[in-house]
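The values are calculated or read from the model by the stated rules, or taken from the named source; none is laboratory data. If you're wondering where the values come from, they're calculated on a predicted model, not measured in any experiment. Cβ placement follows ideal geometry from the backbone for every residue including glycine, while neighbour counts extend to all protein chains displayed. Surface areas here come from the heavy atoms of the whole protein model, side chains and all, with no ligands, DNA or RNA. Shrake-Rupley method; radii C 1.70, N 1.55, O 1.52, S 1.80 Å.
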Amino acid sequence: MYPILFEPFGFPISTFGVMLALGFLAGTALVARRFRELGLDPDLATTMMIYCMVGGIGGAKLYFAIDVSLREPGESFWSLLGQREGITFYGGLIGGTVAGYIGTKVHGVPTLIFANAGAMACAVGQALGRIGCFLVGDDYGRPTDLPWGVAFPEGAPAVFEPVHPTQLYETAWLLPVTWLLWTRRNRSPFLFGEFIALNGLGRFFIEFLRLNPKVALGLTEAQWIALSLIAAGCASWLYFQRRTPSAATA
C-alpha cells in the first residue's frame, strides 16, 4: 500500500489522486482520438473532459454526503461534503453525465458523439481509478484465503487479514470493456448504453465479494443501482438501434 506518495509543502498527494489524474488523461486521449476520426477539433476533448471531471467529482461528493447522512443520522451532511475522501462512482457518473451534456450545448459538440466517445473515457478512467482505490486501501472485499488476498493495514478502515482486492477485480473487468467499446465505436448505435450496462454487470457480481450492507432482497444498494444501469443501458441501446443507421455518429 502506498496511500501517500509525497507531501510537498505539507500537502499530501495521494496515490488515488494520481491515478484519478492518469484516468482523466487517458480518457481525454481516447476522446481526442475519436474526435479526430470524426473530423471534430480534438482540442475540444480536453474542454469537454474538464466539464465531466468537475461534474463527476461534485456529483461523487454530493452522492456520498447524501447517502451517508441519510443512513447515519448522526453524520453532518456539510461535514461529509467537505471531506477529502468519499468519492463514489455512481454519483460521479451522474454528475459527470449532466456536466458533459451541458458542455456539449455550450461548445456546440454533438451530444451523441461525445456520449459515445465519453463511454470509452469513463471505462478506462474508472479502471485506473480503481487501482488508486487499491493503493490507498479503500473499497476492498471480504476476507479470503485465496493466494492473491491482500491485507490493508493502512486502509480505510484498516484490515489486517487477507481480503479480496475487489478494486483490482473491477480494473480487470473494465480494461477489456474499454477495449471492446473501442472496437465497437463505428458499429454501436449507442456506445454509452453499452458502457453503463457492462459496468453494471461487472459491479453486480463483484459486489457479492464486497462488504456493503444488504438493503433489499439480499442485494446491496450498489447492486440495485447496477441492475438499473443494466436496464437503462439495454433500453437506451435498443432505442438508438431503432433509429437511423447513422445514429452512432449523429
- [ ] For residues that are closer than 29 Å to Gly27 by Cα and in contact with an Asp or Glu (Cβ under 6 Å, 6 or more places away or on another chain), scanning just region 138-180, find the one that is most open to solvent (accessible area, probe 1.4 Å).
- [x] Ala156
- [ ] Would you tally the residues in region 219-250 being assigned to a loop (DSSP other than H, G, I, E, B) and either modelled with pLDDT of 95 or more or of a type in the set (A, V, I, L, M) (or both)?
- [x] 1
TODO: Among residues belonging to region 181-218 that are aromatic (Phe, Trp, Tyr) and either assigned to a strand (DSSP E or B) or under 30 Å from Gly137 (Cβ atoms) (or both), point out the one that is most open to solvent (accessible area, probe 1.4 Å).
DONE: Phe205
Task: Pair list, Cβ < 9 Å and 6+ apart or interchain, from region 81-99 residues that are of a type outside the set (Phe, Trp, Tyr) to residues that are outside any helix (DSSP H, G or I) and at pLDDT 85 or above - done: Glu85/Asp138; Ile87/Asp138
Task: Boolean, Val163 is within 30 Å of Leu112 (Cβ to Cβ) and at pLDDT 95 or above - done: no
Open item on the list: Every residue in region 94-126 that is under 13 Å from Met53 (Cα atoms) and out of contact with any helix residue (DSSP H, G or I) (no Cβ under 7 Å at 6 or more places or on another chain), please.
Closed with: Thr97
- [ ] Please state which one of Gly108, Gly92, Gly74 is at pLDDT below 90, among the small types (Gly, Ala, Ser) and surrounded by fewer than 18 Cβ atoms within 10 Å (Cβ to Cβ).
- [x] Gly74
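Let's see how each residue does on (1) among the aliphatic types (A, V, I, L, M); (2) under 13 Å from the mean Cα position of the chain (by Cα); (3) over 15 Å from Phe114 (Cα atoms); (4) modelled with pLDDT under 90:
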{"residue": "Leu38", "(1), (2), (3), (4)": "yes, no, no, no"}
{"residue": "Asp41", "(1), (2), (3), (4)": "no, no, no, no"}
{"residue": "Asp67", "(1), (2), (3), (4)": "no, no, yes, yes"}
{"residue": "Leu80", "(1), (2), (3), (4)": "yes, no, yes, yes"}
{"residue": "Arg84", "(1), (2), (3), (4)": "no, no, yes, yes"}
